[in-house]
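The block underneath contains the structure these notes are about, expressed in structure tokens.
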């Protein structure tokens, strides 16, 4: 068996303390990283459980909606009424707000033109 030769290096006391401090701080950082990784693993596991639960709930909801839809009566609306009902369709709130904003913008632009004239 081959014996290893031991080599001794002399360090200044201040340099030794500083190096030891760096090593200990590195150990602290590594341990904190390990704690964070464990916490992340737990969070990811909980997230996956919640995803599965949400998927099951949505699947159940879809199933119930399909059952409800199958029990609803079919409407036979004449085509002439369908066309008129489509033309009198009520605008969604978002479109109404956009129209109002556009009207305000046009009014502000008109006032700006008056001021600049």
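The values are calculated or read from the model by the stated rules, or taken from the named source; none is laboratory data. Predicted model, so just to flag it, every value in this text is computed and none were measured. Cβ: placed from backbone, ideal geometry, glycine included. Neighbour counts: every protein chain shown.
Any residue in region 68-76 that is at pLDDT 90 or above and surrounded by fewer than 10 Cβ atoms within 10 Å (Cβ to Cβ)? Within region 68-76, one or more residues are at pLDDT 90 or above and surrounded by fewer than 10 Cβ atoms within 10 Å (Cβ to Cβ).
Checked against (1) in a loop (DSSP other than H, G, I, E, B); (2) surrounded by 10 or more Cβ atoms within 10 Å (Cβ to Cβ), residue 51 passes all but condition (1).
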